[in-house]
Amino acid sequence: MVDLTQLRDDEVFRAFASYATIILSKMMLMSTATAFYRMTRKVFANPEDCATFGKGENAKKYLRTDDRVERVRRAHLNDLENIVPFLGIGLLYSLSGPDLSTAILHFRLFVGARIYHTIAYLTPLPQPNRALGFFVGYGVTLSMAYRLLKSRLYL
Amino acid sequence: MVDLTQLRDDEVFRAFASYATIILSKMMLMSTATAFYRMTRKVFANPEDCATFGKGENAKKYLRTDDRVERVRRAHLNDLENIVPFLGIGLLYSLSGPDLSTAILHFRLFVGARIYHTIAYLTPLPQPNRALGFFVGYGVTLSMAYRLLKSRLYL
Amino acid sequence: MVDLTQLRDDEVFRAFASYATIILSKMMLMSTATAFYRMTRKVFANPEDCATFGKGENAKKYLRTDDRVERVRRAHLNDLENIVPFLGIGLLYSLSGPDLSTAILHFRLFVGARIYHTIAYLTPLPQPNRALGFFVGYGVTLSMAYRLLKSRLYL
(Lines give C-alpha, C1' and ligand atoms only; values in the text may rest on other atoms or scores of the structure.)
Protein backbone atom coordinates (compact mmCIF):
# COMPACT_ATOMS: atom_id res chain seq x y z
CA MET A 1 0.00 0.00 0.00
CA VAL A 2 1.21 3.43 -0.89
CA ASP A 3 1.02 5.84 2.02
CA LEU A 4 1.08 9.51 1.12
CA THR A 5 -0.81 10.56 4.22
CA GLN A 6 2.11 12.51 5.64
CA LEU A 7 1.99 14.93 2.75
CA ARG A 8 -1.80 14.87 2.57
CA ASP A 9 -2.22 15.80 6.22
CA ASP A 10 0.47 18.46 6.39
CA GLU A 11 -1.38 21.61 7.39
CA VAL A 12 0.73 24.06 5.38
CA PHE A 13 0.35 21.89 2.28
CA ARG A 14 -3.42 21.60 2.75
CA ALA A 15 -3.69 25.37 3.17
CA PHE A 16 -1.59 25.98 0.05
CA ALA A 17 -3.72 23.51 -1.91
CA SER A 18 -6.91 25.32 -0.85
CA TYR A 19 -5.71 28.86 -1.61
CA ALA A 20 -4.03 27.84 -4.87
CA THR A 21 -7.20 26.12 -6.06
CA ILE A 22 -9.29 29.18 -5.19
CA ILE A 23 -7.06 31.64 -7.02
CA LEU A 24 -6.73 29.36 -10.06
CA SER A 25 -10.52 29.01 -10.20
CA LYS A 26 -10.79 32.79 -10.07
CA MET A 27 -8.32 33.04 -12.95
CA MET A 28 -10.41 30.59 -14.96
CA LEU A 29 -13.40 32.92 -14.53
CA MET A 30 -11.54 35.45 -16.68
CA SER A 31 -12.01 33.14 -19.70
CA THR A 32 -15.74 33.19 -19.05
CA ALA A 33 -15.70 36.98 -18.68
CA THR A 34 -13.90 37.33 -22.03
CA ALA A 35 -16.40 35.00 -23.71
CA PHE A 36 -19.30 36.91 -22.13
CA TYR A 37 -18.11 40.28 -23.45
CA ARG A 38 -17.28 38.80 -26.87
CA MET A 39 -20.82 37.41 -27.19
CA THR A 40 -22.77 40.39 -25.82
CA ARG A 41 -20.68 42.97 -27.73
CA LYS A 42 -20.24 40.82 -30.85
CA VAL A 43 -16.48 41.26 -30.94
CA PHE A 44 -14.56 38.28 -32.27
CA ALA A 45 -11.03 37.33 -33.16
CA ASN A 46 -11.77 34.39 -35.47
CA PRO A 47 -13.97 34.28 -38.61
CA GLU A 48 -15.49 30.93 -37.58
CA ASP A 49 -16.73 32.45 -34.29
CA CYS A 50 -19.08 34.93 -35.94
CA ALA A 51 -20.32 32.66 -38.76
CA THR A 52 -23.79 32.61 -37.20
CA PHE A 53 -24.09 36.39 -37.64
CA GLY A 54 -23.89 36.28 -41.41
CA LYS A 55 -21.77 35.09 -44.29
CA GLY A 56 -18.72 36.56 -46.00
CA GLU A 57 -18.28 40.34 -45.81
CA ASN A 58 -21.27 40.64 -43.50
CA ALA A 59 -19.53 38.58 -40.82
CA LYS A 60 -16.18 40.34 -41.16
CA LYS A 61 -17.41 43.47 -39.43
CA TYR A 62 -17.45 41.50 -36.15
CA LEU A 63 -13.71 40.79 -36.42
CA ARG A 64 -12.66 43.78 -34.38
CA THR A 65 -11.22 44.76 -31.03
CA ASP A 66 -13.10 46.35 -28.17
CA ASP A 67 -11.85 48.27 -25.12
CA ARG A 68 -13.84 46.15 -22.70
CA VAL A 69 -12.68 42.83 -24.14
CA GLU A 70 -9.06 43.99 -24.29
CA ARG A 71 -9.29 45.10 -20.66
CA VAL A 72 -10.44 41.64 -19.53
CA ARG A 73 -7.69 40.05 -21.61
CA ARG A 74 -5.02 42.27 -20.03
CA ALA A 75 -6.35 41.40 -16.56
CA HIS A 76 -6.22 37.70 -17.49
CA LEU A 77 -2.64 37.93 -18.78
CA ASN A 78 -1.60 39.84 -15.65
CA ASP A 79 -3.13 37.03 -13.59
CA LEU A 80 -1.13 34.44 -15.52
CA GLU A 81 2.10 36.43 -15.10
CA ASN A 82 1.61 36.64 -11.34
CA ILE A 83 -0.18 33.41 -10.42
CA VAL A 84 2.39 31.19 -12.16
CA PRO A 85 5.24 32.42 -9.87
CA PHE A 86 2.93 32.11 -6.85
CA LEU A 87 2.10 28.50 -7.77
CA GLY A 88 5.71 27.49 -8.32
CA ILE A 89 7.33 29.36 -5.47
CA GLY A 90 4.36 28.77 -3.12
CA LEU A 91 4.40 25.02 -3.65
CA LEU A 92 8.13 24.76 -3.03
CA TYR A 93 7.86 27.11 -0.04
CA SER A 94 5.01 25.00 1.40
CA LEU A 95 7.16 21.90 1.21
CA SER A 96 10.18 23.62 2.82
CA GLY A 97 8.68 23.43 6.31
CA PRO A 98 7.60 27.01 7.04
CA ASP A 99 5.76 28.15 10.15
CA LEU A 100 2.02 27.49 9.66
CA SER A 101 0.70 30.91 10.63
CA THR A 102 3.35 32.74 8.56
CA ALA A 103 2.57 30.58 5.55
CA ILE A 104 -1.20 31.10 5.84
CA LEU A 105 -0.65 34.86 6.16
CA HIS A 106 1.27 34.79 2.86
CA PHE A 107 -1.42 32.77 1.08
CA ARG A 108 -4.28 34.93 2.35
CA LEU A 109 -2.57 38.18 1.43
CA PHE A 110 -1.81 36.92 -2.07
CA VAL A 111 -5.31 35.63 -2.78
CA GLY A 112 -6.90 38.79 -1.36
CA ALA A 113 -4.55 41.05 -3.32
CA ARG A 114 -5.21 39.28 -6.63
CA ILE A 115 -8.99 39.36 -6.16
CA TYR A 116 -8.71 43.08 -5.36
CA HIS A 117 -6.52 43.55 -8.45
CA THR A 118 -9.19 41.97 -10.66
CA ILE A 119 -11.96 44.11 -9.17
CA ALA A 120 -9.83 47.25 -9.59
CA TYR A 121 -8.99 46.29 -13.20
CA LEU A 122 -12.50 45.43 -14.36
CA THR A 123 -14.51 48.17 -12.60
CA PRO A 124 -12.12 50.10 -13.24
CA LEU A 125 -11.17 51.80 -9.98
CA PRO A 126 -8.84 54.82 -10.16
CA GLN A 127 -5.17 54.21 -9.58
CA PRO A 128 -3.39 53.36 -7.28
CA ASN A 129 -6.01 50.72 -6.43
CA ARG A 130 -4.88 48.28 -9.09
CA ALA A 131 -1.20 49.03 -8.44
CA LEU A 132 -1.76 48.27 -4.76
CA GLY A 133 -3.30 44.87 -5.54
CA PHE A 134 -0.43 44.14 -7.89
CA PHE A 135 2.38 45.09 -5.52
CA VAL A 136 0.96 43.28 -2.49
CA GLY A 137 0.75 40.04 -4.51
CA TYR A 138 4.21 40.67 -5.96
CA GLY A 139 5.73 41.34 -2.54
CA VAL A 140 4.16 38.21 -1.02
CA THR A 141 5.64 36.02 -3.77
CA LEU A 142 9.08 37.61 -3.39
CA SER A 143 8.89 37.15 0.38
CA MET A 144 8.24 33.43 -0.08
CA ALA A 145 11.09 33.22 -2.63
CA TYR A 146 13.45 34.93 -0.17
CA ARG A 147 12.51 32.64 2.72
CA LEU A 148 12.85 29.57 0.51
CA LEU A 149 16.27 30.52 -0.85
CA LYS A 150 17.57 31.66 2.54
CA SER A 151 16.80 28.32 4.21
CA ARG A 152 17.11 25.81 1.37
CA LEU A 153 19.47 27.14 -1.31
CA TYR A 154 21.23 24.30 -3.14
CA LEU A 155 22.91 25.19 -6.43
CA MET B 1 19.40 7.32 1.98
CA VAL B 2 16.50 9.44 0.89
CA ASP B 3 13.43 7.38 0.09
CA LEU B 4 10.82 9.06 -2.05
CA THR B 5 9.55 5.79 -3.46
CA GLN B 6 6.11 6.16 -1.89
CA LEU B 7 5.42 9.22 -3.97
CA ARG B 8 7.22 7.86 -7.00
CA ASP B 9 5.19 4.65 -7.07
CA ASP B 10 1.79 6.19 -6.36
CA GLU B 11 -0.28 5.27 -9.39
CA VAL B 12 -2.36 8.46 -9.48
CA PHE B 13 0.78 10.57 -9.26
CA ARG B 14 2.49 8.59 -12.01
CA ALA B 15 -0.56 8.96 -14.23
CA PHE B 16 -0.71 12.69 -13.57
CA ALA B 17 3.01 13.03 -14.34
CA SER B 18 2.55 11.22 -17.66
CA TYR B 19 -0.50 13.18 -18.84
CA ALA B 20 0.89 16.52 -17.65
CA THR B 21 4.16 15.91 -19.49
CA ILE B 22 2.30 14.98 -22.67
CA ILE B 23 0.08 18.07 -22.66
CA LEU B 24 2.99 20.39 -21.79
CA SER B 25 5.01 18.92 -24.65
CA LYS B 26 2.05 19.55 -26.95
CA MET B 27 1.93 23.15 -25.73
CA MET B 28 5.63 23.54 -26.48
CA LEU B 29 4.93 22.50 -30.08
CA MET B 30 2.96 25.73 -30.45
CA SER B 31 6.23 27.69 -30.22
CA THR B 32 7.59 25.63 -33.08
CA ALA B 33 4.39 26.19 -35.07
CA THR B 34 4.67 29.96 -34.56
CA ALA B 35 8.33 29.91 -35.62
CA PHE B 36 7.46 27.79 -38.66
CA TYR B 37 4.77 30.20 -39.89
CA ARG B 38 6.97 33.24 -39.14
CA MET B 39 9.78 31.80 -41.27
CA THR B 40 7.72 30.50 -44.19
CA ARG B 41 5.51 33.60 -44.37
CA LYS B 42 8.30 36.06 -43.51
CA VAL B 43 6.30 37.73 -40.75
CA PHE B 44 8.37 39.00 -37.85
CA ALA B 45 7.92 40.99 -34.67
CA ASN B 46 11.55 42.06 -34.13
CA PRO B 47 13.88 43.94 -36.53
CA GLU B 48 16.80 41.64 -35.64
CA ASP B 49 14.82 38.58 -36.78
CA CYS B 50 14.55 39.67 -40.40
CA ALA B 51 18.06 41.18 -40.73
CA THR B 52 19.01 38.38 -43.15
CA PHE B 53 16.31 39.49 -45.60
CA GLY B 54 17.84 42.91 -46.19
CA LYS B 55 19.03 46.04 -44.48
CA GLY B 56 17.19 49.11 -43.20
CA GLU B 57 13.92 49.98 -44.93
CA ASN B 58 14.04 46.81 -46.99
CA ALA B 59 13.82 44.64 -43.87
CA LYS B 60 11.08 46.69 -42.23
CA LYS B 61 8.42 45.39 -44.58
CA TYR B 62 8.67 42.03 -42.81
CA LEU B 63 7.68 43.60 -39.48
CA ARG B 64 3.98 42.89 -39.84
CA THR B 65 1.21 40.71 -38.51
CA ASP B 66 -0.39 37.79 -40.29
CA ASP B 67 -3.69 36.01 -39.70
CA ARG B 68 -2.12 32.58 -39.59
CA VAL B 69 0.61 33.58 -37.12
CA GLU B 70 -1.88 35.42 -34.88
CA ARG B 71 -4.14 32.34 -34.90
CA VAL B 72 -1.32 30.11 -33.65
CA ARG B 73 -0.44 32.69 -31.01
CA ARG B 74 -4.03 32.85 -29.77
CA ALA B 75 -4.16 29.04 -29.60
CA HIS B 76 -0.88 29.08 -27.64
CA LEU B 77 -2.13 31.70 -25.18
CA ASN B 78 -5.39 29.79 -24.71
CA ASP B 79 -3.31 26.69 -23.94
CA LEU B 80 -1.35 28.61 -21.30
CA GLU B 81 -4.54 29.99 -19.74
CA ASN B 82 -6.01 26.50 -19.43
CA ILE B 83 -3.04 24.24 -18.87
CA VAL B 84 -1.69 26.31 -15.94
CA PRO B 85 -4.87 25.69 -13.86
CA PHE B 86 -4.82 22.02 -14.88
CA LEU B 87 -1.20 21.70 -13.73
CA GLY B 88 -1.77 23.40 -10.39
CA ILE B 89 -5.15 21.93 -9.52
CA GLY B 90 -4.30 18.54 -11.07
CA LEU B 91 -1.11 18.17 -9.03
CA LEU B 92 -2.83 19.04 -5.76
CA TYR B 93 -5.79 16.81 -6.65
CA SER B 94 -3.42 13.91 -7.45
CA LEU B 95 -1.83 14.25 -4.01
CA SER B 96 -5.20 14.40 -2.22
CA GLY B 97 -5.81 10.67 -2.53
CA PRO B 98 -8.46 10.40 -5.27
CA ASP B 99 -9.80 7.16 -6.70
CA LEU B 100 -7.40 5.96 -9.44
CA SER B 101 -9.95 5.35 -12.19
CA THR B 102 -11.74 8.66 -11.54
CA ALA B 103 -8.45 10.53 -11.62
CA ILE B 104 -7.31 8.89 -14.86
CA LEU B 105 -10.69 9.67 -16.44
CA HIS B 106 -10.16 13.35 -15.59
CA PHE B 107 -6.62 13.39 -17.00
CA ARG B 108 -7.58 11.60 -20.23
CA LEU B 109 -10.56 13.85 -20.87
CA PHE B 110 -8.48 16.98 -20.31
CA VAL B 111 -5.61 15.91 -22.56
CA GLY B 112 -8.00 14.73 -25.29
CA ALA B 113 -10.05 17.93 -25.09
CA ARG B 114 -7.01 20.21 -25.34
CA ILE B 115 -5.57 18.29 -28.32
CA TYR B 116 -8.99 18.54 -29.99
CA HIS B 117 -9.09 22.27 -29.17
CA THR B 118 -5.74 22.81 -30.90
CA ILE B 119 -6.82 20.86 -34.00
CA ALA B 120 -10.09 22.81 -34.13
CA TYR B 121 -8.24 26.12 -33.71
CA LEU B 122 -5.53 25.55 -36.29
CA THR B 123 -7.51 23.79 -39.05
CA PRO B 124 -9.85 25.78 -38.35
CA LEU B 125 -12.95 23.64 -37.84
CA PRO B 126 -16.33 25.41 -37.70
CA GLN B 127 -17.73 26.24 -34.28
CA PRO B 128 -18.78 24.74 -31.89
CA ASN B 129 -15.86 22.31 -32.31
CA ARG B 130 -13.33 24.58 -30.63
CA ALA B 131 -15.83 25.64 -27.95
CA LEU B 132 -16.48 21.97 -27.18
CA GLY B 133 -12.77 21.27 -26.70
CA PHE B 134 -12.49 24.35 -24.50
CA PHE B 135 -15.47 23.57 -22.26
CA VAL B 136 -14.62 19.91 -21.73
CA GLY B 137 -11.14 20.87 -20.54
CA TYR B 138 -12.58 23.69 -18.43
CA GLY B 139 -15.17 21.41 -16.84
CA VAL B 140 -12.62 18.73 -16.03
CA THR B 141 -10.40 21.25 -14.22
CA LEU B 142 -13.35 22.66 -12.26
CA SER B 143 -14.43 19.13 -11.35
CA MET B 144 -10.99 18.43 -9.87
CA ALA B 145 -11.05 21.79 -8.04
CA TYR B 146 -14.46 20.95 -6.56
CA ARG B 147 -13.39 17.47 -5.41
CA LEU B 148 -10.20 18.86 -3.91
CA LEU B 149 -11.93 21.66 -2.00
CA LYS B 150 -14.77 19.43 -0.85
CA SER B 151 -12.48 16.90 0.77
CA ARG B 152 -9.44 18.95 1.79
CA LEU B 153 -10.45 22.59 2.37
CA TYR B 154 -8.24 24.26 4.96
CA LEU B 155 -8.37 28.05 5.10
CA MET C 1 3.93 15.07 14.02
CA VAL C 2 4.03 15.36 10.28
CA ASP C 3 7.38 14.40 8.83
CA LEU C 4 8.09 15.64 5.35
CA THR C 5 11.84 15.66 5.86
CA GLN C 6 12.46 12.98 3.23
CA LEU C 7 11.15 15.24 0.51
CA ARG C 8 12.66 18.35 2.06
CA ASP C 9 16.15 16.87 2.21
CA ASP C 10 16.15 15.23 -1.20
CA GLU C 11 19.05 16.88 -3.03
CA VAL C 12 17.47 16.85 -6.49
CA PHE C 13 14.31 18.38 -5.10
CA ARG C 14 16.23 21.08 -3.22
CA ALA C 15 18.21 21.92 -6.34
CA PHE C 16 15.01 22.11 -8.42
CA ALA C 17 13.41 24.35 -5.80
CA SER C 18 16.39 26.71 -5.88
CA TYR C 19 16.67 26.97 -9.67
CA ALA C 20 12.91 27.23 -10.16
CA THR C 21 12.69 30.04 -7.60
CA ILE C 22 15.54 31.91 -9.27
CA ILE C 23 14.07 31.72 -12.78
CA LEU C 24 10.56 32.62 -11.54
CA SER C 25 12.00 35.64 -9.73
CA LYS C 26 13.75 36.65 -12.95
CA MET C 27 10.43 36.34 -14.79
CA MET C 28 8.78 38.58 -12.21
CA LEU C 29 11.39 41.25 -12.97
CA MET C 30 9.84 41.53 -16.44
CA SER C 31 6.73 43.08 -14.86
CA THR C 32 8.93 45.69 -13.24
CA ALA C 33 10.71 46.32 -16.54
CA THR C 34 7.38 46.82 -18.31
CA ALA C 35 6.20 49.22 -15.59
CA PHE C 36 9.53 51.11 -15.77
CA TYR C 37 9.29 51.66 -19.53
CA ARG C 38 5.59 52.56 -19.29
CA MET C 39 6.34 55.24 -16.70
CA THR C 40 9.50 56.71 -18.25
CA ARG C 41 8.09 56.70 -21.81
CA LYS C 42 4.53 57.60 -20.76
CA VAL C 43 2.96 54.74 -22.70
CA PHE C 44 -0.15 53.29 -21.13
CA ALA C 45 -2.84 50.73 -21.91
CA ASN C 46 -5.53 51.96 -19.49
CA PRO C 47 -7.09 55.46 -19.20
CA GLU C 48 -6.93 55.32 -15.39
CA ASP C 49 -3.14 54.82 -15.52
CA CYS C 50 -2.42 58.18 -17.13
CA ALA C 51 -5.04 60.22 -15.24
CA THR C 52 -2.28 62.12 -13.42
CA PHE C 53 -0.95 63.47 -16.75
CA GLY C 54 -4.09 65.39 -17.59
CA LYS C 55 -7.83 65.06 -18.04
CA GLY C 56 -9.94 63.90 -20.95
CA GLU C 57 -8.47 64.28 -24.44
CA ASN C 58 -5.17 65.44 -23.00
CA ALA C 59 -4.63 62.10 -21.27
CA LYS C 60 -5.71 60.00 -24.25
CA LYS C 61 -2.52 60.72 -26.15
CA TYR C 62 -0.68 58.49 -23.67
CA LEU C 63 -2.84 55.49 -24.61
CA ARG C 64 -0.48 54.17 -27.23
CA THR C 65 1.95 51.39 -27.95
CA ASP C 66 5.72 51.67 -27.98
CA ASP C 67 8.37 49.42 -29.52
CA ARG C 68 10.36 49.18 -26.32
CA VAL C 69 7.34 48.29 -24.15
CA GLU C 70 6.08 45.73 -26.68
CA ARG C 71 9.53 44.16 -26.79
CA VAL C 72 9.56 43.66 -23.00
CA ARG C 73 6.03 42.27 -23.15
CA ARG C 74 7.00 39.76 -25.85
CA ALA C 75 10.02 38.68 -23.79
CA HIS C 76 7.74 38.26 -20.76
CA LEU C 77 5.21 36.17 -22.69
CA ASN C 78 7.99 34.03 -24.14
CA ASP C 79 9.22 33.47 -20.58
CA LEU C 80 5.75 32.34 -19.50
CA GLU C 81 5.43 30.00 -22.48
CA ASN C 82 8.74 28.33 -21.66
CA ILE C 83 8.98 28.51 -17.88
CA VAL C 84 5.55 26.92 -17.33
CA PRO C 85 6.61 23.66 -19.07
CA PHE C 86 9.93 23.76 -17.20
CA LEU C 87 8.13 24.10 -13.87
CA GLY C 88 5.66 21.31 -14.55
CA ILE C 89 7.98 18.84 -16.24
CA GLY C 90 10.94 19.78 -14.01
CA LEU C 91 8.99 19.18 -10.80
CA LEU C 92 7.73 15.78 -11.96
CA TYR C 93 11.19 14.88 -13.28
CA SER C 94 12.76 15.88 -9.94
CA LEU C 95 10.41 13.54 -8.11
CA SER C 96 11.04 10.64 -10.50
CA GLY C 97 14.42 9.83 -8.97
CA PRO C 98 16.93 11.12 -11.55
CA ASP C 99 20.69 11.11 -11.12
CA LEU C 100 21.69 14.23 -9.13
CA SER C 101 24.43 15.52 -11.42
CA THR C 102 22.33 14.97 -14.57
CA ALA C 103 19.40 16.79 -12.99
CA ILE C 104 21.52 19.76 -11.88
CA LEU C 105 23.05 20.00 -15.35
CA HIS C 106 19.53 20.28 -16.79
CA PHE C 107 18.48 22.96 -14.29
CA ARG C 108 21.64 25.04 -14.77
CA LEU C 109 21.45 24.92 -18.54
CA PHE C 110 17.80 25.96 -18.50
CA VAL C 111 18.29 28.86 -16.10
CA GLY C 112 21.39 30.06 -17.95
CA ALA C 113 19.68 29.79 -21.33
CA ARG C 114 16.61 31.75 -20.21
CA ILE C 115 18.70 34.53 -18.64
CA TYR C 116 20.71 34.71 -21.88
CA HIS C 117 17.44 34.79 -23.87
CA THR C 118 16.24 37.78 -21.86
CA ILE C 119 19.52 39.66 -22.31
CA ALA C 120 19.47 38.91 -26.05
CA TYR C 121 15.83 40.04 -26.33
CA LEU C 122 16.14 43.28 -24.39
CA THR C 123 19.54 44.53 -25.60
CA PRO C 124 18.73 43.43 -28.44
CA LEU C 125 21.61 41.25 -29.62
CA PRO C 126 21.65 40.19 -33.29
CA GLN C 127 20.22 36.79 -34.10
CA PRO C 128 20.90 33.90 -33.59
CA ASN C 129 21.71 34.90 -29.99
CA ARG C 130 18.10 34.92 -28.86
CA ALA C 131 17.27 31.79 -30.88
CA LEU C 132 20.18 30.01 -29.18
CA GLY C 133 18.87 30.90 -25.71
CA PHE C 134 15.41 29.75 -26.73
CA PHE C 135 16.45 26.41 -28.21
CA VAL C 136 18.78 25.43 -25.36
CA GLY C 137 15.97 26.00 -22.85
CA TYR C 138 13.50 24.19 -25.12
CA GLY C 139 15.84 21.22 -25.58
CA VAL C 140 16.50 20.91 -21.85
CA THR C 141 12.77 20.77 -21.10
CA LEU C 142 12.17 18.17 -23.83
CA SER C 143 15.09 16.11 -22.52
CA MET C 144 13.51 16.04 -19.04
CA ALA C 145 10.13 15.14 -20.57
CA TYR C 146 11.72 12.29 -22.51
CA ARG C 147 13.56 10.90 -19.47
CA LEU C 148 10.40 11.14 -17.37
CA LEU C 149 8.16 9.41 -19.89
CA LYS C 150 10.75 6.73 -20.69
CA SER C 151 11.09 5.64 -17.07
CA ARG C 152 7.68 6.42 -15.57
CA LEU C 153 5.01 6.32 -18.30
CA TYR C 154 1.63 5.28 -16.90
CA LEU C 155 -1.39 5.95 -19.10
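The values are calculated or read from the model by the stated rules, or taken from the named source; none is laboratory data. From a predicted model like this one, the values you see are computed outputs, not experimental measurements. Backbone-built Cβ (ideal geometry, glycine too); neighbour counts: all protein chains shown. Side chains included, ligands, DNA and RNA excluded: accessible areas come from the protein's heavy atoms. Shrake-Rupley method; radii C 1.70, N 1.55, O 1.52, S 1.80 Å.
Here are some notes:
- Farthest positive-ward along the protein assembly as shown dipole, Cα basis, beta-carbon charges - from C:Pro98, B:Phe134, A:Gly97: B:Phe134
- Gain on full stretching of the segment that runs from B:Arg64 to B:Leu100 - 0.36 nm per residue minus C-alpha separation: 8.0 nm
- Accessible surface ranking that places the most exposed of C:Lys61, A:Lys26, C:Lys42 first, with a 1.4 angstrom probe: C:Lys61, C:Lys42, A:Lys26
- Acute angle (nearest 10 degrees) that the helix A:129-152 long axis makes with the longest principal axis of chain A, alpha-carbon atoms: 40
- Placing +1 on the Cβ of every Lys and Arg and -1 on the Cβ of every Asp and Glu, with no other charges, gives region A:1-125 a dipole of roughly 820 debye about its Cα centre.
- Degrees separating the helix C:100-122 axis from the principal Cα axis of chain C, which is the longest one: 10
- Area of A:Val84 that stays accessible when all protein chains are in place (1.4 Å probe, Å², to 10): 10
- For chain A, a Gaussian network of Cα nodes joined below 10 Å ranks A:Thr102, A:Thr34, A:Thr123 by mean-square fluctuation, and the top entry is A:Thr123.
- Within straight-line reach of C:Lys61, meaning a Cα separation under 19 Å, sit the following lysines at least 8 residues removed in sequence or on another chain: C:Lys42.
- Dividing the summed helix terms, -39500 (n - 2.57) for each DSSP H run of n ≥ 4, by the number of residues in chain C produces a 222 nm estimate of -25500 deg cm²/dmol to the nearest 500.
- Choice from A:Tyr121, A:Tyr62, A:Tyr19 showing the highest fluctuation, given a GNM over chain A with Cα pairs closer than 10 Å: A:Tyr62
- Heavy-atom accessible area with a 1.4 Å probe sorts B:Val72, B:Val136, largest first, into B:Val136, B:Val72.
- Rounded to the nearest 10 Å², the accessible area of B:Leu63 at probe 1.4 Å: 60
- In summary, the lysines within cross-link reach of B:Lys150, defined as a Cα separation below 23 angstrom excluding same-chain residues under 8 places away, comprise A:Lys26.
- For chain C, a Gaussian network of Cα nodes joined below 10 Å ranks C:Ala59, C:Ala145, C:Ala17 by mean-square fluctuation, and the top entry is C:Ala59.
- Helix B:67-94 axis, angle to chain B major axis (alpha carbon atoms, nearest 10°): 20
- Residues in region B:26-41 that, when all protein chains are in place, have 40 Å² or more less accessible area than the chain alone would give (probe 1.4 Å): B:Met28, B:Ser31
- Rounded to the nearest 20 debye, dipole of region A:54-144 from Cβ charges on Lys, Arg, Asp, Glu: 460
- Probe 1.4 Å, all protein chains present, accessible-area order of A:Ser31, B:Ser151, largest first: B:Ser151, A:Ser31
- Modelled FRET efficiency - R0 25 Å, A:Tyr154 with A:Glu11, Cβ distances, 0.05 increments: 0.50
- Computed over chain C, relative contact order equals 26 percent, with contacts defined as Cα pairs under 8 Å that lie 6+ residues apart.
- Chain A against chain B buries an accessible area of about 3200 Å², both chains summed, 1.4 Å probe radius.
- In Å², nearest 10: area of A:Arg108 left accessible to a 1.4 Å probe: 130
- Surface analysis of region C:1-77 yields an accessible area of 49 Å² per residue, using protein heavy atoms and a 1.4 Å probe.
- Given charges at Cβ of Lys, Arg, Asp, Glu: region C:44-155 dipole, positive-most of C:Tyr121, C:Asn82, C:Tyr154: C:Tyr154
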